[in-house]
């Protein structure tokens, strides 16, 4: 088993030479291992360099800092205010025509309609740790591929038959970015992870100066945002995220003063870091032109905020490019881009 996993990892690493996630032109659709990811006109791939700023941008940014201060006081920690990356954390798997499907059984009664079956191979990787995400893309129908994403997944061997159990999950048509099926969500915003994550292949290309042309996503420190939503977040997800936020001066009238889940932030055009690596400068430029949106709250990130990356397919490794410049980036270096739709309160339970 160890040998087969090593071979799979090696194949995933070697494939990066031939496969790039970066579009060849600003108006071209992104491709990842033969699979199309949306198009140049969708939310994820829209350049927001000149988009107007939200009316309460400064107040919403200040509310994040205040919430972090309050939360940190409870936890008695002195965190870094910067961002980092989570390379090596998020595995993604590529399935092919010979990959078998297995059943997925709901872990909880309130998510009884977990998408099932799902492509799964014994060598495929599930995220280690409490979140235990499982991401898999079926490339057999490329370029119109499907992306399955699950939360809190475990393998179960019952009477010699393998199946998976999951808390929540959903399936995405990668070309249209439409949700095909789902019950609950792998994240607080209710959208799939792959379209806005930085792939390992993109980071390799960024080390040579190749731009990344899509919005990024980030995970905040645990429970620092208001329990409200704005597009592309889906308020009908209905999971009890972000209900433990520490009280702060901006908690009242949260819809107008706090940062909602799904909010899109843009790095100040004047921001610069002369010590940033080539790849990190590419990421900074992406944050200036495409921004990042709040995808999830992470109780695992008590001391920083994280811009999300993916590993090579079927591997436990991501690109080893230098992204240390992200540690110097703070929420106060961003503006909140004007919301295209109203902020919504959470659904009633």
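Sorting 318-327, 53-62 by their mean Cβ neighbour count within 10 Å, with the most densely packed peptide first, gives 318-327, 53-62. In this structure, residue 155 and residue 39 have a Cβ-Cβ separation that, at R0 = 41 Å, corresponds to a calculated FRET efficiency of about 0.70.
Extension gain, residue 69-residue 277: 0.36 nm per intervening residue step, less the Cα-Cα distance, totals 71.8 nm. Calculated FRET efficiency, residue 255 to residue 162, Cβ-Cβ distance, R0 = 51 Å: about 0.65 to the nearest 0.05.
Can you give me the distance in nm between label points at residue 317 and residue 28, each placed 7 Å from the Cα along the Cα-to-Cβ direction? According to this spin-label approximation, the distance is 2.7 nm.
Take the Cα of residue 345, step 7 Å toward its Cβ, do the same at residue 108, and the gap between the two points is 2.2 nm. The simple spin-label model puts a point 7 Å past each Cα toward its Cβ; for residue 269 and residue 285 those points are separated by 1.6 nm.
Read the figures in this text as sums done on the coordinates, not as results from a lab. Because the structure is a prediction, the values reported are computed rather than measured. Don't worry about glycine lacking a Cβ; one is built from the backbone with ideal geometry, like all the others, and counts go over all protein chains shown.
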